[in-house]
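For reference, the structure discussed in these notes is given below.
All of the numbers you see were taken from the coordinates with simple rules; none came from a lab. These numbers were taken from a predicted model, which means no experiment stands behind them. Cβ sites come from the backbone with ideal geometry, for glycine too, and all protein chains shown count toward neighbours.
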2 protein chains.
Amino acid sequence: MLDKTQHLFDDATRVTAGDSCWQGQTSPDYWAFVGPFGGVTAATMLRALIEHPQRSGDPLSLTINFCAPVAEGGFDLDIRLVKANRSTQHWSVEMTQGGGEVATFATAVFAERRPSWSHQAAQFPQSTAFEQALPYAKIAAPWVKQYDFRFVEGEPKLGTPLATPASAFSKVWIADRVPRKIDALSLMSMSDAFFGRVFHARGELVPFGTVSLTTYFHADAQDLAAEDTSRVLAVADAKIFHKSYGDQSGELWSPQGRLLATTTQIAYFKA
Amino acid sequence: MLDKTQHLFDDATRVTAGDSCWQGQTSPDYWAFVGPFGGVTAATMLRALIEHPQRSGDPLSLTINFCAPVAEGGFDLDIRLVKANRSTQHWSVEMTQGGGEVATFATAVFAERRPSWSHQAAQFPQSTAFEQALPYAKIAAPWVKQYDFRFVEGEPKLGTPLATPASAFSKVWIADRVPRKIDALSLMSMSDAFFGRVFHARGELVPFGTVSLTTYFHADAQDLAAEDTSRVLAVADAKIFHKSYGDQSGELWSPQGRLLATTTQIAYFKA
């Protein structure tokens, strides 16, 4: 039995160190419809890298490919330091269950980020304050309960399919329901916490699954500590839905207006 | 000696089949400053997958991590089908040279794309026609010579560093200098053919290198055949430059207004 840690999220993403093979287990608290919430799976793989004794620097990018459904229970993480340079590290992580085929596959880059010219070209999205926005009340899956979603724009209206597609754009505050300071792990998980863009565009739930997700981290541990926040303002949009796949791009901002992470994904849908 | 094929690009991305290990070699025609142009490296890895006897479906996504400089000469591609499902395949490809450490590392998803509801939410960028735009005359590296760049907006003005950052946005027609029909390989390569966003923002060349690049394909082979074009209208922008790394996101459009691919990357810079 694992001890309960302070926050469910840390519990859900807990890993046990091995040599190159680490262990973890899925969490009922972050369950989605047919498997664990992908964001927590990605955060678990990232946690194994962050806690790895050979790790140096902070997460710069992570790409996770969801290859097959993850079943409830334990899993193994096969970790490999593919290449280390003076200030960057390239990693890969494979998740398997019971010695079977690869269920998820991630590659990540870590970097020791040196001071440089700094310029934030993107504009902080205009938004009503977190406190003035209403919590999203429709809880569809256990993992959704773990977050406090407060839509500022583009709250999903799900029901009758729309005759003409609606905008896929959303602007939403995302916080852990039980407040937890934003770190790289929460950014990783929150990058997959947007609802499927196809739901927004069609106004209905359809079979949906993320295939590949990439997140770039624009703040290192020191920057995140300075922001000292437990929520992000998140925007997401889609450009295209075609032949059973659609894209998503998103931004995660600190309340103080710093761009913390950007994310893209391609997802399967049936409609 | 390899026979010369019809197009330099096909020559540059040629691979020789092995079992799990394929071979290729860098091309002087697509050389950048300190190594091969990353787009051609990515296209070469994609070509090995497309030509692989076990491949089914069309490229859906590819992420390539540039781990170390690639030297002039031959290289090996270690190819692995990580997981195959009914309609998708997950692949990984590792490039090494002379039995050394991994130089580049790619993961890719292929999919048999089934008909579905289709909706292109993004707007085709307004643009002057290819024929009315002027070819970019400043040729900095051999690979640039292989493309016909025609800037519509945001042509890089490189020289004295700017006092205040300029926009990092560009809109540019990209075609092979010797016309070649747009396929998944050219989309892969062209996704890395934007100049570094930091050059645009700062108005000067600085040390720069792509660390990780992800491209999503929104058109399959049949769609691309229907477009029947040898050029794309490409837009790119950046959101942030911070602590030695900056991002880029881009779109590649057919002249008829179809979104063919979207791409993101994170890159190192020194400034």
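Values for this structure:
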item: Position residue B:142, label points 7 Å along Cα→Cβ, spacing to each other copy in nm (shortest first, one decimal); result: 5.7
item: Other copies of residue B:204: label-to-label distances in nm, shortest first, labels 7 Å along the beta-carbon direction; result: 5.8
item: Simple Cβ-charge dipole of chain A, Lys/Arg +1 and Asp/Glu -1, about Cα centre, in debye nearest 20; result: 560
item: Gain on full stretching of the segment that runs from residue B:124 to residue B:169 - 0.36 nm per residue minus C-alpha separation; result: 14.7 nm
item: Options B:235, B:213, B:203, ranked by Cα towards positive dipole end of region B:203-271, top entry (Cβ charges); result: B:203
item: Choice from A:197, A:55, A:231 showing the highest fluctuation, given a GNM over chain A with Cα pairs closer than 10 Å; result: A:55
item: Copy-to-copy label separations for residue A:34, where each label sits 7 Å from Cα toward Cβ, in nm and ascending; result: 4.6
item: Sparse-neighbour loop sites [trypsin sites (Lys or Arg not before Pro); region A:82-182; at most 10 other C-beta within 10 Å; DSSP]; result: A:86, A:138
item: Residue of B:211, B:172, B:198 that the Gaussian network model of chain B assigns the largest fluctuation, springs spanning Cα pairs under 10 Å; result: B:211
item: Bins of 5 Å, starting at 0 and running to the largest distance - Cα pair percent for region A:109-244; result: 2, 8, 17, 21, 20, 15, 10, 5, 2, 1, 0
item: Kirkwood-type radius of chain B, with distances r between different C-alpha atoms, in Å; result: 19.0
item: Reference-scaled alpha-carbon Rg (2.2 N^0.38 Å with N residues) for region A:177-271; result: 1.16
item: For region A:206-213, Karplus couplings with θ = phi - 60° (6.51, -1.76, 1.60), whole Hz, Gly/Pro x; result: 9, x, 8, x, 5, 9, 9, 9
item: Cβ-derived FRET efficiency at R0 45 Å, residue B:19 paired with residue A:23, nearest 0.05; result: 0.85
item: Chain lengthening between residue A:86 and residue A:132 when straightened (0.36 nm per residue, less Cα-Cα); result: 11.9 nm
